[in-house]
1. Pulled fully out, how much extra length does the chain show between Thr258 and His183, if you take 0.36 nm times their separation in residues and subtract their Cα-Cα distance?
2. What full-extension length gain, to one decimal in nm, is calculated for Arg346 and Ala80 as 0.36 nm per residue of separation minus the Cα-Cα distance?
3. Roughly what % antiparallel, to the nearest 5, for the DSSP beta bridges in the range 93-224?
4. Could you work out how far apart the two model spin labels at Gln315 and Ala207 are, taking each label as a point 7 Å from the Cα in the direction of the beta carbon, and quote it in nm?
5. Going by how many other Cβ atoms sit within 10 Å of their own, how do Tyr128, Tyr89, Tyr336 line up, fewest first?
6. Which distance in nm do the two modelled labels at Ala214 and Leu193 give, with both placed 7 Å along the Cα-to-Cβ direction?
7. Taking 51 Å as R0, compute the FRET efficiency from the Cβ-Cβ separation of Ala301 and Ala160 and round it to 0.05.
8. I'd like the FRET efficiency for Gln269 and Ala358, computed as 1/(1 + (r/R0)^6) with the beta carbon distance as r and R0 of 35 Å, rounded to 0.05.
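Bear in mind that the values in this text are calculations on the coordinates, not laboratory data. Because the structure is predicted, anything quoted here is derived from the model rather than measured. FYI the Cβ positions are ideal-geometry reconstructions off the backbone, even for glycines, and counts take in every protein chain you see.
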Amino acid sequence: MPTPSPETARRAGAPVPPALARRRRPVPLIVAGCTLAVAAGFAVRGIWPGTASAGAVTRDVPVTTAVVVRADVSSRQVVAGTLGYQGAYGVVNESGPGIVTWLPAVGRLVRRDQALFQLAGQPVTLLYGAVPAWRPFGPGMTRGPDVRELQRNLAVLGFAPGPADGVFGWSTEAAIGRWQQAHGLPVTGSIPLGEVVFLPGPLRVTATPVPLGAPAAAGATVLSGTSDAPVVSVSLTVGGPAVQAGDPVVVTMPDGTTTMPGTVASVGQVATMPASGQATSGSPAAVVPVTIRIGVSRIQAGLDQAPVQVAITQQRDRNVLAVPVTALLALPGGGYGVRVSGPGRRLIPVTTGVFDDATGLVEVSGPGLAAGLTVEVAQG
């Protein structure tokens, strides 16, 4: 008589023979670390479950392999920033009153030796320097840093003013004459106040407060603009993430997916209260302005003043063992392990360190763990 199957025996109310019961084997249990990471919100640094329930029902998941590596891993805090251009400058009419006869278009980039605007047909020319022009240039003037700036500009432009020593001598006068001749200006060897403007670099025009054809009074702001250096501006709450000039950051662009490296260019020395529109719920905290340089030469049209996300490194561990986060297995008694691929598929309990959101790696250490080992990784 044939031996009944376990299901037939149960339906008949008969006990299952021990030999049949031994044929039923448990399904191997693997819980991938990525499942825990998603549940705990891996994007929020440091929020991870400390233990796994011993009685939890788990299922097999597809796996691939990865190699244990030595790498630098970092934990980061994400803050909001604004994409824009560095600096804010106003170009003032230092000459007498006159009619504005030419203006650059908003968005135009004005460079060294180009006209910023024209007043009564006379061009006002941009030169580079940190010290504003505050007096006319001509024979007999005293030595000064403004003269040195003028000499440096004339040298860059190829008009050979002699040494940039801040002394207005015959060589500087002759160089001014050659510069005036090249621009079709009366050759006088001197420059009246208001005919050149010193700015740190190129000016990206953002506004023209005095319209074309309107009179511009002495001291009136005719143009305003920024530099051409793209930057990200961030206001960091006092007591929040700490940065200093030179620190690397990661910037997520307005599309939400494109990332690029950035470097902290400057950190404000004075904390201020946020503007009324920026205050959060409760008592607003003081903030410190931070400027971040990014690796683009120009900002894509329409993205000026667009919101971005900035990931600031809070902790960096160098040359440590690391595996993909999805290689972590939750252990029944709590903690994590990784399973070495190959014969035996041995399980190594590990201690986790820094979770790197940007690379998807996690710092690990454990007995027998070494760079080059191949471990199992849950497939997404």
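1. Numbers: separation 75, 0.36 × 75 = 27.00 nm, distance 4.49 nm.
Stretched out fully, the Thr258 to His183 stretch lengthens by 22.5 nm.
2. Working: separation 266, 0.36 × 266 = 95.76 nm, distance 4.40 nm.
Here the answer is 91.4 nm.
3. On the way: 12 of 16 bridges.
Of all bridge pairs located within the range 93-224, approximately 75 percent are antiparallel.
4. 4.6
5. Details: Tyr128 16, Tyr89 19, Tyr336 24.
Ascending Cβ contact count within 10 Å gives the list Tyr128, Tyr89, Tyr336.
6. Using points 7 Å along Cα→Cβ, the separation is 2.5 nm.
7. Values: r = 40 Å, r/R0 = 0.79.
About 0.80, to the nearest 0.05.
8. Values: r = 29 Å, r/R0 = 0.84.
With R0 = 35 Å, the Cβ-Cβ based efficiency is 0.75.
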